[in-house]
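To start, the structure itself, in structure tokens.
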Amino acid sequence: MARKPRRYLGGSGERLTVWISLAASTVLIFYGYDQGVFGNVIISQNFLDTFGHPSADMQGTMTSIYNIGCFIGAMSTVWTGDILGRPRQIILGSTVIAIGAIIQASSFSVAQMLVGRIVAGVGTGMNTATAGVWQAETSKMSSRGKLVIIQMANCITGFSISNWLTLGFSFAPKEVDWRFPLAFQIFFTFCIYALCPFLPDSPRLLIRKGRYEEAYEVIAALQGHGATPDSPSVHAQFNIIKDVLDREHMNTYTWWQLLTGHGPKNGMLKRMILGACMQMFNQISGINVTSYYMSYIFINALHISETLSRILAAAGSVDYLIFSFLAYFVIERFGRRRVMMTSAFACSMCWMVIAIALARSDAGGDQYKLGIVAVSFFFAFFASFAMGVLGVPWLYPTEINALEVRAKGASLAMATNWICNYAVVQATLPGVQNLRWKFWIIWCVICFAFIPATYFFYPETANRTLEDIDRFFESQPGLLVHRNKLATQLSRPEIYIEEDERIARENMEARDRTDPEKGGIENIEEEAKEETKEV
């Protein structure tokens, strides 16, 4: 008797994928809100009065120490991510953030605020290292990139919410203007509690842990269209995943073997480094200069009033949000490589114009007109960044890392993200004060450097299954990939389609040998192709 498909929150198929995407996106809204809220809090006079008007260096430390917590949280998922599974790891991270929010909102001393920032950061690090992996491992090849882009757009939704909320509460009495925005983080924890307990874990993780029956149920639920754990298409996808995992000799090597290159020859270390460096690109682009300190920069670098600075920062967040959603239409159509390089070039040009405008202003030029130019290109930077450098570095580590160590690779990538984030946020306030217009040249040069790095070292991951990427690295392609057609073509390579058909055909032959009533093997070739299309 055929087993009935298990139904999770929202049912099965595309609807279930949407619910998982919603839960993962809530994590990114959470992150975006946290990223934007504190930079708007520290310009509040009530906040400064409460904490004794800390210096610029101390304000930078209070803001950036959050990223040290994020680094610790991301690294912790190297060990806990696979043990807890994706949904439970996110529930734990969200609980930790709520505790951090309570500590921050009730703070009366710098020391207490620093502790709250670190605790909230630990939870955010856990969540951001997990959500993208969960999304990628439960998505179809054709929609994986788009769904992660939606996640990042929701990250900017959180960032925009923090800007408008702090703008509104800047008119609130006494300390409410900064305590409520910090306490509001708890709302997102309750959203996670309402979603994650009722959603499935990654089928790839379940297979790796030997929980095969549960993996069949999850694959069937994700496929939808009446699929059951006994459906041929479910068994075909299960066998494709398991075939790759078996070839990786799961759990037969140590971290020392991995790091010294004596483990499996499928480029795991190289892939971890590629994912981590791509996350580094995201953070050292200069985006966190604007995300954390937009209002501060408008006040101190462009000499705009506090209220107008808050309004411009909030308007900039809407510009950022709109273009982050527009990236949905280009990420699959043009691929990761082309989108990343184009976006990096545009970001570099924006920083160049900003540096020129501020240099002319410092030299005695028309401060009002040059301020308009600088603000306009801050807005242009948000748009340019949102179209590529925002989403690709978050998507890439979830795709590039080997199936067996995808959670570990994503954790290391996120740890790199957060330590670079800390360095940028810590350096920004002294940089704005001491280097003035020269500070912006740094980001111009760095963004331009992303172009050759992406062109020479990063293979295309669009229009590939996660198993295709494993197969590519099993061929030991070498360090430079710009002349490798398998690495750079946008369409899915035919060799990988044929490999999936072979595995599906062998699976059907084995099934038909054990159950002659299935109809023999005369139509295996065509049926295998159909099953591969479904997968």
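Counting only heavy atoms of the protein chains, get the accessible area per residue of the chain (1.4 Å probe) and round it to a whole Å² value.
Ligands and nucleic acids excluded, the figure is 38 Å² per residue.
Of ILE497, ALA413, GLY121, whose Cα points farthest to the positive end of the dipole of the chain (charges on the beta-carbon: +1 Lys, Arg; -1 Asp, Glu; origin at the Cα centre)?
Positive-end residue among those listed: GLY121.
Looking at segment 101-206, which trypsin sites (Lys or Arg not before Pro) are DSSP coil and have at most 11 other C-beta atoms within 10 Å of their C-beta?
Those satisfying the criteria are LYS174.
When the chain is fully extended, how far beyond the present Cα-Cα distance does ALA423 get from HIS225, taking 0.36 nm per residue of separation?
Full extension from ALA423 to HIS225 adds 66.4 nm.
Considering only C-alpha atoms, what is the centroid distance from segment 322-389 to segment 451-486, in Å?
Computed from Cα coordinates, the inter-centre distance equals 28 Å.
Starting from the 7 Å offset along Cα-to-Cβ, what nm value, one decimal, do you get for the label separation of ARG333 and THR488?
2.3
Any chance you could look up the accessible area of ARG15 with a 1.4 Å probe, heavy atoms only, rounded to 10 Å²?
Accessible area, nearest 10 Å²: 140 Å².
ASP57 versus VAL18, label points 7 Å from Cα toward the beta carbon: distance in nm?
Between ASP57 and VAL18, the label points sit 5.4 nm apart.
Which of LYS408/LYS485; LYS146/LYS438; LYS140/LYS408; LYS270/LYS485 have a Cα-Cα distance over 31 Å?
From the list (LYS408/LYS485; LYS146/LYS438; LYS140/LYS408; LYS270/LYS485), the Cα-Cα distance tops 31 Å for LYS146/LYS438.
Could you rank GLU460, GLU214 by how accessible they are, 1.4 Å probe, largest area first?
I get GLU214, GLU460, largest accessible area first.
Per-residue accessible area for ASP246 at 1.4 Å probe radius, Å² rounded to 10?
Probe radius 1.4 Å; accessible area of ASP246 about 80 Å².
Rounded to a whole number, what % of the accessible area of segment 79-171 do carbon and sulfur atoms account for, probe 1.4 Å?
Numbers: 2190 of 2780 Å².
Here carbon and sulfur together make up 79 percent of the probe-accessible area.
Could you please state how large a percent of the accessible area of segment 319-430 is carbon and sulfur, counting protein chains only and using a 1.4 Å probe?
Answer for segment 319-430 is 70 percent, counting heavy atoms of protein chains only.
Would you calculate the separation in nanometres between label points at ILE497 and LYS438, each defined as 7 Å from the Cα along the Cα-to-beta-carbon direction?
5.7
If the rule is a partner Cβ under 4.7 Å, which cysteines in the chain fail it?
For the chain, the answer is CYS70, CYS155, CYS191, CYS196, CYS277, CYS350, CYS420, CYS444, because their Cβ atoms have no other cysteine Cβ under 4.7 Å.
To the nearest 0.05, how large is the calculated FRET efficiency for VAL176 and TRP79 if R₀ is 41 Å and r is the Cβ-Cβ distance? Show your work: numbers first, answer last.
Numbers: r = 40 Å, r/R0 = 0.98.
Result of the calculation: an efficiency of 0.55.
If ligands, DNA and RNA are left out, what is the accessible area of THR130 with a 1.4 Å probe, given in Å² to the nearest 10?
Ignoring ligands and nucleic acids, THR130 comes out at about 10 Å².
Using a ≥ b ≥ c from the Cα gyration tensor of the chain (square roots of the eigenvalues), is it rounded, prolate or oblate, where a/c under 1.5 gives rounded and otherwise the larger of a/b and b/c decides, a/b for prolate?
Note, shape of the chain comes out prolate.
Over the chain, what is the mean sequence separation of C-alpha contacts under 8 Å (at least six apart), divided by residue count, expressed as relative contact order in percent?
Values: 911 pairs, mean separation 118.2, N = 535.
Averaging sequence separation for qualifying contacts and normalising by length gives 22 percent for the chain.
The values are calculated or read from the model by the stated rules, or taken from the named source; none is laboratory data. If you're wondering where the values come from, they're calculated on a predicted model, not measured in any experiment. Quick reminder, even Gly has a Cβ in these numbers, built from the backbone with ideal geometry, and neighbours come from all protein chains shown. For accessibility, only protein heavy atoms count, side chains too; no ligands or nucleic acids. Shrake-Rupley method; radii C 1.70, N 1.55, O 1.52, S 1.80 Å.
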